[in-house]
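Please read the structure below before turning to the comments.
The values are calculated or read from the model by the stated rules, or taken from the named source; none is laboratory data. Please read all numbers here as calculations on a predicted model, not as lab measurements. Here Cβ is always computed from backbone atoms with ideal geometry, including for glycine, and neighbour counts include all displayed protein chains.
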Amino acid sequence: MKIIYHLIVLLLIMNLIWYLFREKQFWTQVSIAIVLIMFFLRLFLIK
Amino acid sequence: MRKNIILVLALCFLLSPVAFAYKNAGENSPPFELPNLITSAGQSADVQMASVLAKRAGLNATLKKTATAEDLENIKTLTLVFGASLKGLGAAGIDVDQEKERVRELVSEAKKRDIPLLCLHLGGEARRGQLTDQLITEFLPFAQMAIIVKSGNHDGFFSKICEENNISLVEVEKTVDVLTPLKDAFK
Amino acid sequence: MPEYAIFLSMVVIFAILAMGLKLPIGVSLVFSALAGALLGGEGLALRHLVEGSFGYFDTILIIVTAMIFMKVLQASGILDTITAILLKTFYKRKVTLLLTVMAIVMFPGMITGSSTAAVLSTGALIAPVLIKLGLSKVKTAALIAMGGILGMIAPPVNILVMIMGGGVDMPYIGLTIPLLIIVIPLAIIISLWLGYKDIQILDYEQMKSILPESYSQEYGFRLSLPVLVVILLMIGQGFTSSFMPDIGIPAIFLVGSLVGIFCARPFNFFKVTQDAMKESMPILCILAGVGMFIQIMTLTGGRGWIVMSFLSLPPVLLYLGISISMPLFGAVSAYGSASILGVPFILALINKNAIITSAALSAIAGLGDLMPPTALAGIFAAQIVGEKNYFKVLRYCLVPALFELAMGIGVLLLAPVIEKII
Amino acid sequence: MKEKIKKHHLIALCLLCLTGTLCWLTGVQFLSMRKTDTFYPSPGLSAQTKLSDYFPQLADSPGDTAVYCFRGEEEGGNLLILGGTHPNEPAGFITAVLLLENITVSRGKIFIIPQANLSGFTHDDPFEGNPQKFSLETPGGRRWFRFGSRLTNPTHQWPDPTLFTNAAGQALSGAEVRNLNRSYPGKEKGHLTEQIAFGIMELIKKEEIDLSLDLHEAAPEYPVVNAIVFHENSAELAAIASMELQMEDIDIRMEASPPSLRGLSHREWGDHTPSMAILLETANASHGRLKGKPSEALIVEGKDPNYVKASKLGMLFVPYSKDGIPIKERVARHLAAVNALVSGLRELNPDQAIDIGNFPPAQTVNEQGIGLYLHPPK
């Protein structure tokens, strides 16, 4: 089950990064970056 | 009304030697005989303590938290340990009303069979409260003797009932101190 | 600096950033949390900030995946088809329609204990129906938001009660009837209150003219598969636990979304996930920000100050305290409110039946999902009807919310009577 | 070919780098909690094993915790002491450490698991703002201990179900799936936490434990605090012990384990094994919802003005003054209770007597501090 959630997080991270680069509004980009921190830490099973 | 007064007087008359007996425990024989059935009124864990105390006092006692009239077969003393605990009631799978009804039947059966009643309250002030007080008010008047932890009587609740019904009341500091008066109360 | 001063500064800084400088709410929360940490003498407290945001990580996963599912339903034409079917069935029966709609919205909430899951799944399904029948967008959204909240409270799964029960050692047993006593009247009153006046009864021709395109001819039964799969998996949770762990709500929504790819009008899955990201980003960042805010609030002693302030109200004001603080604290999510305030309040009301008390408190805490800035139920309901300003939705939720509050307090006060009846 | 990099791409790149840096900075701190605590078992230790010796599936998992075994020469009773079921309840954990670093056993057997939920020691609960560790002064220097979470680390057990129905059939909110003391009797093929519970049940069965103790702490506003929670099979023992404690002027509440609340140690150990089952609770302010600023001092000294206020309002179930309830007092309580239970076991059943040497005296710990009985750090 853990592997499935790993994949879900990976899928969402790819989406988030893609979105981060497409987005033109600065503060929205900041929002994405804030959310990304959590996804990275969970992807590497740190937190 | 007159009937009541006569009843109370009769009760006082009947009980006075008992009370007297304890006060002069050294000289007269103690009021209670073995075997002893210990049960709870309110299902708090205090009944367990009473059982341990009885065991340490070397008394032949049976512990049955939810004893009924049938358990009084061959029993010479009924010990009622006051203390209501919702958790305990829950654990026994009964509600307050069922518990009251059970004790009511038990006490009246004991009276029928002339089995004397000894009441204990071991939890002190922490083990008072509405439910426990209801049980005490209803059943303590039938007792011959009550042994209680002092802090439970901080408002004179026990003293008042015991005085009115001429019950001998023994107060101790801590639960463990119940041991001596308990031992002395039995033949 | 005393703890309340730090807390108040955090609130003021948040207000300046969000309202004065018009920063996104999530970002404002992050910065006010950071300021709180500095003012409290904790330095940058990066560890605490990130740790706090993780308090909502599971919720964030649910929201993103639910949003993807909703977008899949839209893109594949399933949403239109279901709207068409519902319209054909209900166009001339007002009361039945409203009650059925309420039940449909509540259903996912009932089995997941989450208002978000309800609003974003079946809420999205029925919104177009109500709008086509003449209910305004904002009222539709209000109805869905309230349905989501009632679903969250309704049995069989009420996570709020479980959280409170966990704090006082009360098993989750015997709650069905108390919860139904609370929820059923509310569901009837609220759906009729919001919809009865505005919903039009149509004749067949009128109905025909507003009917969206249905794909049921083309794809038939297959169309219903994504929704069916999600509902079945939600109901089936726990059944599998004897041989494999549960898959959890996020995976359920993703499975439903993947099934959707093969069941109806073709669409670009990556575009759908990007849309979902875009629409959910504000709330994701808000949740991360709220998590940071609470953690710093706790770290600097503000949380303890708030809890103590409400608990030290004189007994006469206790019920007022409950009515105000529990929904208000829900601004950080209804679950947080149940845990932080619900447990102490149950203990304060310990001489009453804990089952009835917790059921009533859960109804009050549930309202927290209408409280800005998170306002999960309000925000998502606004989003599915396409309303930009969710405060307009909240305005229509006010009276229903007061009904619910009154119900909760009423049940608390009447707990001894209700106990006798059940 | 040469295309100008767009501004928002540049910003995105910068933000991505910043995100990476923040992940690294906080990640280092989060990972610092994976460093294990060092204990110094007393010379009386007979063997140090692991929970996986009783349930091999746990081997190499983050739940495989150390079991310290003290075997006496003479046959006697078998005792299990569990600390760290909830790693944010340090008195239970420290009591277990104190025992394993001091005692010798001449009769009977004692098994000590100081960190029952080892995974819970590797992270902190969000929203609680707790420190990651706390320290106790010993004559030879300061010793640090981890202060973890009530629940298993989500990176070790992921995801939580919506609803957790434990092996005993109790429905609980999803996060409780990571609560060791809701997971008994455990499940061979369940989540990690259920497997740990299963492993502990296996130990109790295989080692024929007569008495199992689970050491906890609770918030002062929680009704079951300063309490001895007993399974009905150990009611008499609990009564004996509580009277003994009363003689030492330690007030302790007797609480029967409710049969309807399933999945807890004091219920399932007693129901599923012949062992007597008891759980002990002390009052820890850093655990409560009313707590003020969380800090290392709050954990160790237990002073909190919010609780003084709450006590005046009659909201607490223990006496609480401005002096607080320090960890040395809480540990002393646990020590006294363990001692009373062991002597009660002897009274009830002389065959199950356990003779313990060098038992840290509760009164001395309370008066002079825990450090006196802790091995100094190396």
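Within the stretch D:234-246, can one find any residue that is at pLDDT below 90, of a type outside the set (A, V, I, L, M, F, W, C) and surrounded by fewer than 24 Cβ atoms within 10 Å (Cβ to Cβ)?
Looking for residues that are at pLDDT below 90, of a type outside the set (A, V, I, L, M, F, W, C) and surrounded by fewer than 24 Cβ atoms within 10 Å (Cβ to Cβ), one finds at least one in the stretch D:234-246, hence yes.
Consider residue A:36 carefully, then state whether it is at the interface with another protein chain (Cβ under 7 Å from one of its Cβ atoms) and touching a Ser or Thr at 6+ places or on another chain (Cβ under 6 Å). Steps first, answer last, please.
Details: at the interface with another protein chain (Cβ under 7 Å from one of its Cβ atoms): yes; touching a Ser or Thr at 6+ places or on another chain (Cβ under 6 Å): yes.
Yes; evaluated as a whole, the condition is true for this residue.
Give the residue, chosen from D:268, D:221, that is crowded, with 24+ Cβ neighbours inside 10 Å, acidic (Asp, Glu) and part of a loop (DSSP other than H, G, I, E, B).
D:221
Here's the yes/no breakdown for (1) surrounded by fewer than 23 Cβ atoms within 10 Å (Cβ to Cβ); (2) out of contact with any Phe, Trp or Tyr (no Cβ under 6 Å at 6 or more places or on another chain); (3) within 14 Å of chain D (Cβ to nearest Cβ); (4) part of a helix (DSSP H, G or I):
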{"residue": "C:341", "(1), (2), (3), (4)": "no, no, yes, yes"}
{"residue": "C:347", "(1), (2), (3), (4)": "yes, yes, yes, yes"}
{"residue": "C:360", "(1), (2), (3), (4)": "no, yes, no, yes"}
{"residue": "C:373", "(1), (2), (3), (4)": "yes, yes, no, no"}
{"residue": "C:377", "(1), (2), (3), (4)": "no, yes, no, yes"}
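If residue C:23 satisfies all but one of (1) without any contact (Cβ under 8 Å) to a residue 40 or more places away in the chain; (2) within 14 Å of chain D (Cβ to nearest Cβ); (3) not in a helix (DSSP H, G or I), what's the number of the condition it fails?
That leaves (2) as the condition not met.
Going through C:14, C:31 one at a time, which residue ends up being surrounded by 23 or more Cβ atoms within 10 Å (Cβ to Cβ), of a type in the set (Phe, Trp, Tyr) and over 30 Å from residue C:127 (Cα atoms)?
Values: C:31 fails: surrounded by 23 or more Cβ atoms within 10 Å (Cβ to Cβ).
Going through C:14, C:31 in turn, just one is surrounded by 23 or more Cβ atoms within 10 Å (Cβ to Cβ), of a type in the set (Phe, Trp, Tyr) and over 30 Å from residue C:127 (Cα atoms): C:14.
Does residue C:417 satisfy the condition of being surrounded by fewer than 18 Cβ atoms within 10 Å (Cβ to Cβ), hydrophobic (A, V, I, L, M, F, W, C) and assigned to a helix (DSSP H, G or I)?
Values: surrounded by fewer than 18 Cβ atoms within 10 Å (Cβ to Cβ): yes; hydrophobic (A, V, I, L, M, F, W, C): yes; assigned to a helix (DSSP H, G or I): yes.
Spelling it out, residue C:417 is indeed surrounded by fewer than 18 Cβ atoms within 10 Å (Cβ to Cβ), hydrophobic (A, V, I, L, M, F, W, C) and assigned to a helix (DSSP H, G or I).
Please find, within the stretch D:1-41, the residue that is nearest to the other protein chains (Cβ to nearest Cβ) out of those that are farther than 19 Å from residue D:65 by Cβ and in a loop (DSSP other than H, G, I, E, B). Spell out how you get there, then give the answer.
The first filter runs over the stretch D:1-41 and keeps only residues farther than 19 Å from residue D:65 by Cβ, leaving D:1-32.
If we keep only those that are in a loop (DSSP other than H, G, I, E, B) as well, we get D:1-6.
Numbers: D:1: 20, D:2: 20, D:3: 15, D:4: 15, D:5: 11, D:6: 9 Å.
Checked the stretch D:1-41; the qualifying residue nearest to the other protein chains (Cβ to nearest Cβ) is D:6.
The rows are residues; the columns are (1) touching a Leu at 6+ places or on another chain (Cβ under 6 Å); (2) more than 22 Å from residue B:173 (Cα to Cα); (3) among the basic types (Lys, Arg); (4) surrounded by fewer than 18 Cβ atoms within 10 Å (Cβ to Cβ).
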site: B:44; (1), (2), (3), (4): no, no, no, no
site: B:49; (1), (2), (3), (4): yes, no, no, no
site: B:62; (1), (2), (3), (4): yes, yes, no, yes
site: B:78; (1), (2), (3), (4): yes, yes, no, no
site: B:87; (1), (2), (3), (4): no, yes, yes, no
site: B:102; (1), (2), (3), (4): no, yes, yes, no
site: B:110; (1), (2), (3), (4): yes, yes, no, no
site: B:118; (1), (2), (3), (4): no, no, no, no
site: B:125; (1), (2), (3), (4): no, no, no, yes
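Filter the stretch C:307-330 down to residues that are buried (at least 17 other Cβ atoms within 10 Å of the Cβ), more than 10 Å from chain D (Cβ to nearest Cβ), hydrophobic (A, V, I, L, M, F, W, C) and within 24 Å of the chain's Cα centre (by Cα), then give me how many there are.
Qualifying residue count for the region: 3.
Suppose we filter D:290, D:372, D:341, D:335 for residues that are farther than 16 Å from residue D:251 by Cα and part of a helix (DSSP H, G or I); which single one remains? Spell out how you get there, then give the answer.
On the way: D:290 fails: part of a helix (DSSP H, G or I); D:341 fails: farther than 16 Å from residue D:251 by Cα; D:335 fails: farther than 16 Å from residue D:251 by Cα.
Only one candidate qualifies: D:372.
Can you find even one residue in the stretch C:64-77 that is part of a helix (DSSP H, G or I) and within 12 Å of chain D (Cβ to nearest Cβ)?
First, pick out the residues of the stretch C:64-77 that are part of a helix (DSSP H, G or I): C:64-75.
Checking which are within 12 Å of chain D (Cβ to nearest Cβ) leaves us with C:65.
Yes, the conditions are met somewhere in the stretch C:64-77.
Within the stretch C:35-49, restricting attention to residues that are in contact (Cβ under 8 Å) with a residue 60 or more places away in the chain and part of a helix (DSSP H, G or I), which residue is nearest to the other protein chains (Cβ to nearest Cβ)?
Ranking the candidates gives C:48 first.
Could you tell me how many of the residues in the stretch D:311-332 are of a type outside the set (Gly, Ala, Ser) and outside any loop (DSSP other than H, G, I, E, B)? So that I can check it myself, show each step before the final result.
Looking only at the stretch D:311-332, we keep the residues that are of a type outside the set (Gly, Ala, Ser), and these are D:312-313, D:315-320, D:322-323, D:325-331.
Next, from what is left, pick out any that are outside any loop (DSSP other than H, G, I, E, B): D:312, D:327-331.
Of the residues in the stretch D:311-332, 6 are of a type outside the set (Gly, Ala, Ser) and outside any loop (DSSP other than H, G, I, E, B).
Check D:370, D:299, D:327, D:278 and return the single one that is more than 26 Å from residue D:211 (Cβ to Cβ) and of a type outside the set (D, E, K, R). Walk me through how you get there before you give the answer.
Details: D:370 fails: more than 26 Å from residue D:211 (Cβ to Cβ); D:327 fails: more than 26 Å from residue D:211 (Cβ to Cβ); D:278 fails: more than 26 Å from residue D:211 (Cβ to Cβ).
The conditions single out D:299.
Give D:139, D:90, D:41 a once-over and let me know the one that is modelled with pLDDT under 95 and not small (Gly, Ala, Ser). Please lay out each step first, then the result.
Details: D:90 fails: modelled with pLDDT under 95; D:41 fails: modelled with pLDDT under 95.
Checking each option against the conditions leaves just D:139.
What are the pairs, 6+ residues apart or on separate chains, where a residue within the stretch D:291-309 that is closer than 24 Å to residue D:146 by Cα and more than 8 Å from every other protein chain (Cβ to nearest Cβ) has its Cβ under 6 Å from a residue that is of a type in the set (S, T, N, Q) and part of a helix (DSSP H, G or I)?
These pairs meet every condition: D:298/D:286; D:299/D:286.
Against the definition (in a helix (DSSP H, G or I), crowded, with 23+ Cβ neighbours inside 10 Å and either in contact with a helix residue (DSSP H, G or I) (Cβ under 9 Å, 6 or more places away or on another chain) or more than 10 Å from every other protein chain (Cβ to nearest Cβ) (or both)), how does residue C:88 come out, yes or no? Before you say what the answer is, go through the steps one by one.
Numbers: in a helix (DSSP H, G or I): yes; crowded, with 23+ Cβ neighbours inside 10 Å: no; either in contact with a helix residue (DSSP H, G or I) (Cβ under 9 Å, 6 or more places away or on another chain) or more than 10 Å from every other protein chain (Cβ to nearest Cβ) (or both): yes.
Taking the combined requirement at face value, the residue does not satisfy it.
For the stretch C:170-227, give me every one of the helices (runs of 4 or more DSSP H) that falls completely inside it and has 2 or more residues that are more than 25 Å from the chain's Cα centre (by Cα) and among the hydroxyl-bearing types (Ser, Thr, Tyr).
Counting at least 2 such residues, we get C:204-210, C:216-219.
Only one of (1) modelled with pLDDT under 90; (2) surrounded by fewer than 24 Cβ atoms within 10 Å (Cβ to Cβ) fails for residue C:163. Which number is that?
Among (1) modelled with pLDDT under 90; (2) surrounded by fewer than 24 Cβ atoms within 10 Å (Cβ to Cβ), the lone unmet condition for residue C:163 is (2).
Against the definition (over 17 Å from the mean Cα position of the chain (by Cα) and surrounded by 24 or more Cβ atoms within 10 Å (Cβ to Cβ)), how does residue D:190 come out, yes or no? Explain how you work it out, then say what you get.
Details: over 17 Å from the mean Cα position of the chain (by Cα): yes; surrounded by 24 or more Cβ atoms within 10 Å (Cβ to Cβ): no.
So residue D:190 fails the test.
In the stretch C:104-117, which residues are within 14 Å of chain D (Cβ to nearest Cβ) and either more than 10 Å from residue C:154 (Cβ to Cβ) or of a type in the set (Ser, Thr, Tyr) (or both)?
Result: C:108, C:112, C:114, C:115, C:116, C:117.
What do you reckon, is residue D:83 in contact with a helix residue (DSSP H, G or I) (Cβ under 9 Å, 6 or more places away or on another chain), touching a residue at least 24 places away in the same chain (Cβ under 8 Å) and surrounded by 14 or more Cβ atoms within 10 Å (Cβ to Cβ)?
Details: in contact with a helix residue (DSSP H, G or I) (Cβ under 9 Å, 6 or more places away or on another chain): yes; touching a residue at least 24 places away in the same chain (Cβ under 8 Å): yes; surrounded by 14 or more Cβ atoms within 10 Å (Cβ to Cβ): yes.
So residue D:83 passes the test.
Considering the stretch C:113-129 alone, what residues qualify as being small (Gly, Ala, Ser) and assigned to a helix (DSSP H, G or I)? Write out each step before concluding.
So the first thing to find is which residues in the stretch C:113-129 are small (Gly, Ala, Ser), and the list is C:113-115, C:117-118, C:121, C:123-124, C:127.
Answer for the stretch C:113-129, where residues must be small (Gly, Ala, Ser) and assigned to a helix (DSSP H, G or I): C:115, C:117, C:118, C:121, C:123, C:124, C:127.
Just checking, how many residues over the stretch D:274-288 are crowded, with 23+ Cβ neighbours inside 10 Å and over 17 Å from the mean Cα position of the chain (by Cα)?
Residues meeting the conditions: 2.
In the stretch C:1-20, which residues are out of contact with any Phe, Trp or Tyr (no Cβ under 9 Å at 6 or more places or on another chain) and away from chain D (no Cβ under 14 Å)?
Residues satisfying the conditions are C:8, C:9, C:11, C:12, C:15, C:16, C:18, C:19, C:20.
I'd like the residue in the stretch D:247-258 that is touching an Asp or Glu at 6+ places or on another chain (Cβ under 9 Å) and not in a loop (DSSP other than H, G, I, E, B) and, out of all such residues, is surrounded by the fewest Cβ atoms within 10 Å (Cβ to Cβ).
The selected residue is D:253.
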